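Novice: Below you'll find the structure I mean.
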């Protein structure tokens, strides 16, 4: 079976007789294979270029991060930990691109390196290929190491950002509640009343209330009540304090709420779980800290129970 190099037609016979489809024919015998062949540098060059490019990209990103961190200060350029921090920044910037590329480069590089080792007569540059492969591996390990040592700090920063958002909602609602109390001498019975009577030109109050649950708001009041446990023959009446909330059906007409407690959902956005927050009398704290006896221990037991 002969294949024509011109048109690819397969036919039986010699090419010197001509192709049966296009008519092309061989003008002479094929050249003999040379007795000595020079080994190829091509595969080793691929590994060297790949490793060099990865090192160059990471170094460039580190220098750019250092330039941003130094802000014109020459002293920081000679501080070791500043360069480590710049490397961490560069590693996080390159993580989504460099990690897949590194895995691919290492996988292909290992196959190329093995082929060079298996056929030293055809391919040369084993040392250069090894150095290029090691450079690729070192960049990958360095990026993984720099990302790994910063994961705990970034998780703490993420949690701080979540806590700051919850506290921002609390302070926004608290400011509106205090404004309502200063204007009407009472706290609102519910959030609907708060939204109707407090101006919200920028929508910050509505946004904060959208993240809260109405059932977490508990206004209360201190009112005078007659102690029926004493004898009627006593002069006057013994006065004691009784705490009433907005859920009390027997609340007197025109009752003024003088205090409030607000429970905010935590990271899971579900009220009644362990990550909830408690706001009471200008103080906000985690529910689990209240249960341990920390700040906010004076919050009533009814609020602590979901």
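The values are calculated or read from the model by the stated rules, or taken from the named source; none is laboratory data. Nothing here was measured: the structure is a model prediction, and the numbers come from that model. Note that we place each Cβ from the backbone using ideal geometry, even for glycine, and neighbour counts take in every protein chain shown.
Novice: Could you please find all residues in region 23-44 being free of Cβ contacts under 8 Å to residues at least 24 places away in the same chain and either touching a helix residue (DSSP H, G or I) at 6+ places or on another chain (Cβ under 8 Å) or surrounded by 13 or more Cβ atoms within 10 Å (Cβ to Cβ) (or both)?
Specialist: 24, 25, 26
Novice: Among the residues of region 94-112, are any modelled with pLDDT of 85 or more and outside any helix (DSSP H, G or I)?
Specialist: No: zero hits.
Novice: Here are some residues: 61, 68, 82. Which one is outside any loop (DSSP other than H, G, I, E, B) and loosely packed, with under 15 Cβ neighbours inside 10 Å?
Specialist: Among 61, 68, 82, only 68 is outside any loop (DSSP other than H, G, I, E, B) and loosely packed, with under 15 Cβ neighbours inside 10 Å.
Novice: Looking at region 57-70, is at least one residue within 26 Å of residue 147 (Cβ to Cβ), within 39 Å of the chain's Cα centre (by Cα) and modelled with pLDDT under 85?
Specialist: Yes.
Novice: Now a separate question. Confirm whether residue 47 is over 29 Å from the mean Cα position of the chain (by Cα) and surrounded by 13 or more Cβ atoms within 10 Å (Cβ to Cβ).
Specialist: Here the answer is yes, as residue 47 does meet what is asked.
Novice: Pick from 200, 163, 169, 190: which is without any contact (Cβ under 8 Å) to a residue 40 or more places away in the chain and in contact with a helix residue (DSSP H, G or I) (Cβ under 7 Å, 6 or more places away or on another chain)?
Specialist: When all the criteria are applied, what remains is 200.
Novice: Does residue 149 count as part of a helix (DSSP H, G or I), within 25 Å of the chain's Cα centre (by Cα) and under 17 Å from residue 54 (Cα atoms)?
Specialist: No; evaluated as a whole, the condition is false for this residue.
Novice: For region 14-40, give me each residue that is assigned to a loop (DSSP other than H, G, I, E, B), touching a strand residue (DSSP E or B) at 6+ places or on another chain (Cβ under 9 Å) and at pLDDT 80 or above.
Specialist: 19, 20, 21, 39
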